[in-house]
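Take a look at the structure set out below.
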Amino acid sequence: MAERRTTTAKRIVSILKEVTSLNVVSAFLKESGLQHSASSWEVMLERRILPAVKDRTLSIESLVNLLRDSEECGKQHVFLYYCTKPRAAALMDTNRLEKIAKKLGLSDLLLEAKILYQPNEEAFTDIRYDEGHKDLKYLTVKSVGTHVSKKPLSETIKGNLLTCKYELKKERAVNVIRLSSNGILELRIGSHKSSSNYRKDLTSLWLKINSFFPKEYFSEVYLAPLKDKVWKERDSLKNLIRYTNSTLRNDNGTVLQASSGNIEYDLVDDEGATSSLDEFIEHEAYCDSSNIWFRTQDDGVPSKNIHVLLSGERNEFAVTSHCIKSDYEYVLSTIRKLNS
(Lines give C-alpha, C1' and ligand atoms only; values in the text may rest on other atoms or scores of the structure.)
Protein backbone atom coordinates (compact mmCIF):
# COMPACT_ATOMS: atom_id res chain seq x y z
CA MET A 1 0.00 0.00 0.00
CA ALA A 2 2.83 2.42 0.88
CA GLU A 3 4.53 1.66 -2.44
CA ARG A 4 1.27 2.35 -4.29
CA ARG A 5 0.90 5.73 -2.56
CA THR A 6 4.48 6.63 -3.45
CA THR A 7 3.98 5.67 -7.11
CA THR A 8 0.75 7.66 -7.31
CA ALA A 9 2.37 10.69 -5.68
CA LYS A 10 5.25 10.60 -8.19
CA ARG A 11 2.81 10.38 -11.09
CA ILE A 12 0.78 13.31 -9.78
CA VAL A 13 3.89 15.47 -9.35
CA SER A 14 5.06 14.62 -12.89
CA ILE A 15 1.75 16.02 -14.16
CA LEU A 16 1.78 19.03 -11.84
CA LYS A 17 5.14 20.03 -13.37
CA GLU A 18 3.36 20.54 -16.69
CA VAL A 19 0.23 22.33 -15.50
CA THR A 20 1.20 24.53 -12.56
CA SER A 21 4.14 26.15 -10.77
CA LEU A 22 6.33 25.34 -7.78
CA ASN A 23 4.86 28.37 -6.03
CA VAL A 24 1.34 26.94 -6.26
CA VAL A 25 2.43 23.57 -4.85
CA SER A 26 4.46 25.30 -2.13
CA ALA A 27 1.44 27.39 -1.13
CA PHE A 28 -0.67 24.22 -1.02
CA LEU A 29 1.80 22.52 1.35
CA LYS A 30 2.03 25.65 3.50
CA GLU A 31 -1.76 25.77 3.87
CA SER A 32 -1.61 22.11 4.93
CA GLY A 33 0.85 23.01 7.70
CA LEU A 34 3.73 21.15 6.04
CA GLN A 35 7.28 22.07 5.10
CA HIS A 36 6.91 23.77 1.76
CA SER A 37 10.04 25.51 0.46
CA ALA A 38 11.73 23.93 -2.57
CA SER A 39 14.20 25.23 -5.14
CA SER A 40 13.26 22.68 -7.80
CA TRP A 41 10.66 20.06 -8.65
CA GLU A 42 13.12 17.33 -7.66
CA VAL A 43 13.52 18.86 -4.20
CA MET A 44 9.77 19.34 -3.93
CA LEU A 45 9.16 15.66 -4.66
CA GLU A 46 12.00 14.04 -2.73
CA ARG A 47 12.18 16.28 0.34
CA ARG A 48 8.67 17.61 0.73
CA ILE A 49 5.94 15.54 -0.87
CA LEU A 50 7.19 11.93 -0.62
CA PRO A 51 8.18 12.15 3.07
CA ALA A 52 4.78 13.70 3.89
CA VAL A 53 2.98 10.99 1.91
CA LYS A 54 4.97 8.23 3.62
CA ASP A 55 4.22 9.48 7.15
CA ARG A 56 0.59 10.19 6.12
CA THR A 57 0.68 13.89 6.97
CA LEU A 58 -0.23 14.42 3.31
CA SER A 59 -2.95 12.27 1.79
CA ILE A 60 -3.17 11.13 -1.81
CA GLU A 61 -6.70 12.52 -1.84
CA SER A 62 -5.32 16.00 -1.12
CA LEU A 63 -2.82 15.65 -3.96
CA VAL A 64 -5.58 14.51 -6.30
CA ASN A 65 -7.61 17.61 -5.37
CA LEU A 66 -4.59 19.80 -6.08
CA LEU A 67 -4.18 18.12 -9.45
CA ARG A 68 -7.86 18.65 -10.22
CA ASP A 69 -7.65 22.35 -9.44
CA SER A 70 -4.42 22.67 -11.45
CA GLU A 71 -5.21 20.75 -14.64
CA GLU A 72 -8.97 21.23 -15.04
CA CYS A 73 -8.93 25.02 -15.47
CA GLY A 74 -7.46 26.93 -18.38
CA LYS A 75 -5.56 25.99 -21.54
CA GLN A 76 -8.93 24.89 -22.89
CA HIS A 77 -11.53 25.62 -25.51
CA VAL A 78 -14.82 25.83 -23.65
CA PHE A 79 -18.19 25.15 -25.29
CA LEU A 80 -21.28 26.26 -23.37
CA TYR A 81 -24.71 24.61 -23.44
CA TYR A 82 -27.82 24.77 -21.30
CA CYS A 83 -30.88 22.77 -20.32
CA THR A 84 -33.73 23.34 -17.86
CA LYS A 85 -33.10 23.01 -14.12
CA PRO A 86 -35.47 20.01 -13.82
CA ARG A 87 -33.62 18.30 -16.67
CA ALA A 88 -30.28 19.00 -14.98
CA ALA A 89 -31.57 17.58 -11.69
CA ALA A 90 -32.67 14.39 -13.46
CA LEU A 91 -29.31 14.01 -15.22
CA MET A 92 -27.45 14.53 -11.94
CA ASP A 93 -29.52 11.98 -10.02
CA THR A 94 -27.27 9.70 -7.98
CA ASN A 95 -29.08 6.46 -8.88
CA ARG A 96 -28.94 7.30 -12.57
CA LEU A 97 -25.22 8.07 -12.38
CA GLU A 98 -24.43 4.83 -10.56
CA LYS A 99 -26.34 2.77 -13.16
CA ILE A 100 -24.50 4.43 -16.05
CA ALA A 101 -21.12 4.03 -14.38
CA LYS A 102 -21.81 0.35 -13.70
CA LYS A 103 -22.93 -0.25 -17.30
CA LEU A 104 -19.74 1.38 -18.63
CA GLY A 105 -17.49 -0.40 -16.14
CA LEU A 106 -16.60 2.89 -14.42
CA SER A 107 -18.03 2.34 -10.94
CA ASP A 108 -14.55 2.57 -9.40
CA LEU A 109 -14.30 6.21 -10.56
CA LEU A 110 -17.18 7.12 -8.26
CA LEU A 111 -14.91 6.21 -5.36
CA GLU A 112 -11.45 7.22 -6.57
CA ALA A 113 -10.01 9.15 -9.49
CA LYS A 114 -7.61 7.40 -11.86
CA ILE A 115 -4.27 9.08 -12.59
CA LEU A 116 -3.20 8.67 -16.23
CA TYR A 117 -0.41 10.51 -18.02
CA GLN A 118 -0.49 9.87 -21.79
CA PRO A 119 -2.70 6.82 -22.39
CA ASN A 120 -2.77 5.19 -25.81
CA GLU A 121 -6.55 5.56 -25.85
CA GLU A 122 -8.65 8.28 -24.27
CA ALA A 123 -10.21 7.09 -21.01
CA PHE A 124 -12.49 8.44 -18.30
CA THR A 125 -10.51 9.19 -15.14
CA ASP A 126 -12.90 10.98 -12.78
CA ILE A 127 -16.63 11.10 -12.03
CA ARG A 128 -17.69 13.18 -9.06
CA TYR A 129 -20.06 15.68 -7.48
CA ASP A 130 -18.77 19.10 -6.39
CA GLU A 131 -20.24 21.92 -4.34
CA GLY A 132 -20.26 25.48 -5.73
CA HIS A 133 -21.24 28.99 -4.72
CA LYS A 134 -24.83 29.95 -3.92
CA ASP A 135 -25.93 26.35 -3.33
CA LEU A 136 -24.91 25.25 -6.82
CA LYS A 137 -24.01 21.61 -7.31
CA TYR A 138 -21.92 20.15 -10.11
CA LEU A 139 -21.52 16.80 -11.80
CA THR A 140 -18.02 16.58 -13.26
CA VAL A 141 -16.74 13.92 -15.66
CA LYS A 142 -13.13 13.99 -16.83
CA SER A 143 -11.25 12.11 -19.53
CA VAL A 144 -7.56 11.98 -20.41
CA GLY A 145 -6.05 11.15 -23.78
CA THR A 146 -2.99 11.89 -25.89
CA HIS A 147 -2.74 14.28 -28.83
CA VAL A 148 -0.01 13.60 -31.37
CA SER A 149 1.30 16.33 -33.67
CA LYS A 150 4.09 16.28 -36.27
CA LYS A 151 7.07 18.62 -36.38
CA PRO A 152 8.82 18.62 -39.79
CA LEU A 153 12.55 17.96 -39.53
CA SER A 154 13.91 17.45 -43.05
CA GLU A 155 13.12 16.62 -46.68
CA THR A 156 15.25 14.44 -48.94
CA ILE A 157 14.86 14.19 -52.71
CA LYS A 158 16.28 11.18 -54.52
CA GLY A 159 15.24 10.92 -58.13
CA ASN A 160 11.45 11.24 -58.19
CA LEU A 161 11.15 10.25 -54.53
CA LEU A 162 10.54 12.87 -51.84
CA THR A 163 11.14 11.64 -48.29
CA CYS A 164 9.93 13.75 -45.38
CA LYS A 165 11.11 13.22 -41.82
CA TYR A 166 8.96 14.27 -38.87
CA GLU A 167 9.30 14.28 -35.12
CA LEU A 168 6.17 13.15 -33.31
CA LYS A 169 5.13 15.38 -30.42
CA LYS A 170 2.84 13.94 -27.75
CA GLU A 171 0.65 16.10 -25.55
CA ARG A 172 -1.46 15.02 -22.60
CA ALA A 173 -5.06 15.99 -23.35
CA VAL A 174 -7.52 16.64 -20.53
CA ASN A 175 -11.23 17.08 -21.26
CA VAL A 176 -13.58 18.24 -18.50
CA ILE A 177 -17.36 18.05 -18.72
CA ARG A 178 -19.26 19.83 -15.97
CA LEU A 179 -23.02 20.12 -15.54
CA SER A 180 -24.32 22.64 -13.02
CA SER A 181 -27.61 22.32 -11.15
CA ASN A 182 -28.64 25.60 -12.85
CA GLY A 183 -28.57 23.79 -16.22
CA ILE A 184 -25.26 25.12 -17.62
CA LEU A 185 -23.08 22.48 -19.27
CA GLU A 186 -19.39 23.16 -19.97
CA LEU A 187 -17.44 21.03 -22.41
CA ARG A 188 -13.82 21.99 -21.80
CA ILE A 189 -11.51 20.53 -24.44
CA GLY A 190 -7.79 20.67 -23.72
CA SER A 191 -5.92 22.94 -26.15
CA HIS A 192 -3.51 21.23 -28.53
CA LYS A 193 -1.26 21.98 -31.49
CA SER A 194 -2.87 19.52 -33.90
CA SER A 195 -5.39 22.05 -35.20
CA SER A 196 -6.92 25.43 -34.36
CA ASN A 197 -10.39 24.08 -35.20
CA TYR A 198 -11.97 22.03 -32.41
CA ARG A 199 -15.15 20.97 -34.20
CA LYS A 200 -13.88 17.41 -34.74
CA ASP A 201 -12.80 17.19 -31.09
CA LEU A 202 -16.21 18.43 -30.01
CA THR A 203 -18.06 15.86 -32.11
CA SER A 204 -15.88 13.07 -30.73
CA LEU A 205 -16.38 14.20 -27.14
CA TRP A 206 -20.18 14.32 -27.48
CA LEU A 207 -20.14 10.70 -28.64
CA LYS A 208 -18.07 9.65 -25.63
CA ILE A 209 -20.24 11.40 -23.03
CA ASN A 210 -23.65 10.67 -24.56
CA SER A 211 -24.58 8.19 -21.84
CA PHE A 212 -24.04 10.82 -19.17
CA PHE A 213 -25.22 13.89 -21.09
CA PRO A 214 -27.42 13.15 -24.13
CA LYS A 215 -26.76 15.91 -26.66
CA GLU A 216 -30.43 16.25 -27.62
CA TYR A 217 -31.18 17.53 -24.10
CA PHE A 218 -29.01 20.63 -24.55
CA SER A 219 -28.99 23.87 -26.55
CA GLU A 220 -26.02 26.08 -27.36
CA VAL A 221 -25.35 29.24 -25.37
CA TYR A 222 -24.81 31.80 -28.13
CA LEU A 223 -22.03 34.23 -27.24
CA ALA A 224 -22.84 36.86 -29.88
CA PRO A 225 -24.33 39.26 -27.27
CA LEU A 226 -21.08 39.01 -25.28
CA LYS A 227 -18.88 39.74 -28.31
CA ASP A 228 -20.93 42.79 -29.27
CA LYS A 229 -21.23 44.09 -25.71
CA VAL A 230 -17.55 43.96 -24.80
CA TRP A 231 -16.77 46.03 -27.91
CA LYS A 232 -19.66 48.50 -27.92
CA GLU A 233 -19.35 49.12 -24.17
CA ARG A 234 -15.56 49.04 -24.12
CA ASP A 235 -15.22 52.43 -22.41
CA SER A 236 -17.31 51.42 -19.40
CA LEU A 237 -15.59 48.01 -19.30
CA LYS A 238 -12.05 49.40 -19.60
CA ASN A 239 -11.17 48.59 -16.00
CA LEU A 240 -12.44 45.04 -16.52
CA ILE A 241 -11.16 44.13 -19.99
CA ARG A 242 -8.12 44.93 -22.14
CA TYR A 243 -8.20 44.37 -25.91
CA THR A 244 -5.33 43.26 -28.12
CA ASN A 245 -7.32 42.69 -31.30
CA SER A 246 -10.86 42.56 -32.64
CA THR A 247 -12.41 41.29 -35.86
CA LEU A 248 -15.67 42.59 -37.31
CA ARG A 249 -17.67 41.01 -40.12
CA ASN A 250 -20.83 41.84 -42.08
CA ASP A 251 -23.36 39.65 -43.85
CA ASN A 252 -21.53 40.17 -47.17
CA GLY A 253 -18.49 38.43 -45.74
CA THR A 254 -16.40 41.59 -45.54
CA VAL A 255 -13.92 41.50 -42.65
CA LEU A 256 -12.25 44.35 -40.81
CA GLN A 257 -9.59 43.65 -38.19
CA ALA A 258 -7.55 45.84 -35.85
CA SER A 259 -4.69 44.73 -33.62
CA SER A 260 -2.64 46.55 -30.99
CA GLY A 261 1.04 47.06 -31.83
CA ASN A 262 2.15 45.33 -28.65
CA ILE A 263 0.56 42.60 -26.55
CA GLU A 264 0.84 44.90 -23.51
CA TYR A 265 -1.09 47.74 -25.19
CA ASP A 266 -4.83 48.26 -25.16
CA LEU A 267 -6.42 48.54 -28.59
CA VAL A 268 -9.12 50.76 -27.08
CA ASP A 269 -6.52 53.52 -26.59
CA ASP A 270 -6.02 53.79 -30.37
CA GLU A 271 -8.79 56.19 -31.42
CA GLY A 272 -8.01 55.83 -35.12
CA ALA A 273 -8.48 52.06 -35.05
CA THR A 274 -11.57 52.10 -32.85
CA SER A 275 -13.28 54.81 -34.89
CA SER A 276 -12.80 52.72 -38.05
CA LEU A 277 -14.35 49.68 -36.38
CA ASP A 278 -17.22 51.77 -35.01
CA GLU A 279 -17.94 53.11 -38.49
CA PHE A 280 -18.07 49.54 -39.83
CA ILE A 281 -20.50 48.54 -37.07
CA GLU A 282 -22.76 51.45 -38.03
CA HIS A 283 -23.17 49.70 -41.40
CA GLU A 284 -24.62 46.52 -39.87
CA ALA A 285 -21.37 44.75 -39.09
CA TYR A 286 -20.98 42.65 -35.97
CA CYS A 287 -18.13 41.53 -33.72
CA ASP A 288 -16.96 38.12 -34.95
CA SER A 289 -14.02 37.55 -32.61
CA SER A 290 -11.95 39.31 -29.99
CA ASN A 291 -8.66 38.78 -28.23
CA ILE A 292 -9.11 40.08 -24.68
CA TRP A 293 -7.60 40.02 -21.20
CA PHE A 294 -9.63 40.03 -17.99
CA ARG A 295 -7.80 42.44 -15.69
CA THR A 296 -7.01 41.73 -12.04
CA GLN A 297 -9.46 43.67 -9.86
CA ASP A 298 -8.89 45.45 -6.55
CA ASP A 299 -9.94 42.35 -4.61
CA GLY A 300 -7.15 40.34 -6.27
CA VAL A 301 -9.51 38.30 -8.46
CA PRO A 302 -8.50 37.07 -10.91
CA SER A 303 -5.05 36.46 -9.44
CA LYS A 304 -3.46 37.53 -12.74
CA ASN A 305 -4.61 38.95 -16.06
CA ILE A 306 -6.40 36.11 -17.87
CA HIS A 307 -6.13 35.84 -21.67
CA VAL A 308 -9.37 34.81 -23.39
CA LEU A 309 -10.16 34.25 -27.06
CA LEU A 310 -13.71 34.90 -28.21
CA SER A 311 -13.70 33.08 -31.53
CA GLY A 312 -14.49 29.78 -33.20
CA GLU A 313 -17.96 28.28 -32.74
CA ARG A 314 -20.81 30.53 -31.63
CA ASN A 315 -20.81 29.00 -28.12
CA GLU A 316 -17.02 28.81 -27.76
CA PHE A 317 -14.39 30.73 -25.84
CA ALA A 318 -10.81 29.77 -24.97
CA VAL A 319 -8.66 30.37 -21.90
CA THR A 320 -5.18 30.22 -23.38
CA SER A 321 -3.10 29.11 -20.38
CA HIS A 322 -3.57 27.15 -17.17
CA CYS A 323 -5.02 29.10 -14.29
CA ILE A 324 -6.21 28.45 -10.76
CA LYS A 325 -9.81 27.41 -10.22
CA SER A 326 -10.96 30.77 -8.81
CA ASP A 327 -9.62 32.54 -11.91
CA TYR A 328 -11.53 30.23 -14.24
CA GLU A 329 -14.73 30.58 -12.22
CA TYR A 330 -14.36 34.37 -12.38
CA VAL A 331 -13.95 34.31 -16.16
CA LEU A 332 -16.92 31.97 -16.63
CA SER A 333 -19.24 33.98 -14.39
CA THR A 334 -18.20 37.28 -15.99
CA ILE A 335 -18.72 35.91 -19.49
CA ARG A 336 -22.20 34.66 -18.57
CA LYS A 337 -23.07 37.96 -16.92
CA LEU A 338 -21.94 40.04 -19.90
CA ASN A 339 -23.70 37.66 -22.30
CA SER A 340 -27.08 38.02 -20.60
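Name every residue in the stretch 156-174 that is without any contact (Cβ under 8 Å) to a residue 24 or more places away in the chain, touching a Ser or Thr at 6+ places or on another chain (Cβ under 7 Å) and of a type outside the set (S, T, N, Q), in order of residue number.
The answer is LYS165, and nothing else.
Check the stretch 63-84 and report whether any residue there is under 27 Å from LEU136 (Cβ atoms), part of a loop (DSSP other than H, G, I, E, B) and of a type in the set (A, V, I, L, M, F, W, C).
Yes; the residues of the stretch 63-84 include at least one that is under 27 Å from LEU136 (Cβ atoms), part of a loop (DSSP other than H, G, I, E, B) and of a type in the set (A, V, I, L, M, F, W, C).
If you check every pair at least six apart or on different chains, which have Cβ atoms under 7 Å apart with a residue in the stretch 185-208 that is open to solvent by less than 10 Å² (accessible area, probe 1.4 Å) first and a residue that is assigned to a helix (DSSP H, G or I) second?
LEU187/LEU202; LEU187/LEU205; ILE189/ASP201; ILE189/LEU202; ILE189/LEU205
For the stretch 294-309, how many residues are open to solvent by 70 Å² or more (accessible area, probe 1.4 Å) and without any contact (Cβ under 8 Å) to a residue 12 or more places away in the chain?
Qualifying residue count for the region: 2.
Of everything in the stretch 109-129, what is touching a helix residue (DSSP H, G or I) at 6+ places or on another chain (Cβ under 9 Å) and open to solvent by less than 80 Å² (accessible area, probe 1.4 Å)? Give them in sequence order.
LEU109, LEU110, ALA113, ILE115, LEU116, GLU122, PHE124, THR125, ASP126, ILE127, ARG128
Report yes if GLU18 is open to solvent by 50 Å² or more (accessible area, probe 1.4 Å), part of a helix (DSSP H, G or I) and either over 15 Å from VAL174 (Cβ atoms) or without any contact (Cβ under 8 Å) to a residue 12 or more places away in the chain (or both), otherwise no.
Spelling it out, it is not the case that GLU18 is open to solvent by 50 Å² or more (accessible area, probe 1.4 Å), part of a helix (DSSP H, G or I) and either over 15 Å from VAL174 (Cβ atoms) or without any contact (Cβ under 8 Å) to a residue 12 or more places away in the chain (or both).
Which one of the conditions (1) of a type outside the set (Asp, Glu); (2) under 25 Å from THR94 (Cα atoms); (3) not in a strand (DSSP E or B) does ASN197 fail to meet, given that it meets all the rest?
All conditions are met except number (2).
Looking at the stretch 130-149, which of its residues are touching a residue at least 40 places away in the same chain (Cβ under 8 Å), of a type in the set (Lys, Arg) and open to solvent by 30 Å² or more (accessible area, probe 1.4 Å)?
Across the stretch 130-149, the qualifying residue is only LYS137.
The values are calculated or read from the model by the stated rules, or taken from the named source; none is laboratory data. All values reported here derive from a predicted model rather than from experimental measurement. Please note: Cβ atoms are built from the backbone with ideal geometry, for glycine as well, and neighbour counts cover all protein chains shown. The accessibility values were calculated without ligands, DNA or RNA, using every heavy atom of the protein model including side chains. Shrake-Rupley method; radii C 1.70, N 1.55, O 1.52, S 1.80 Å.
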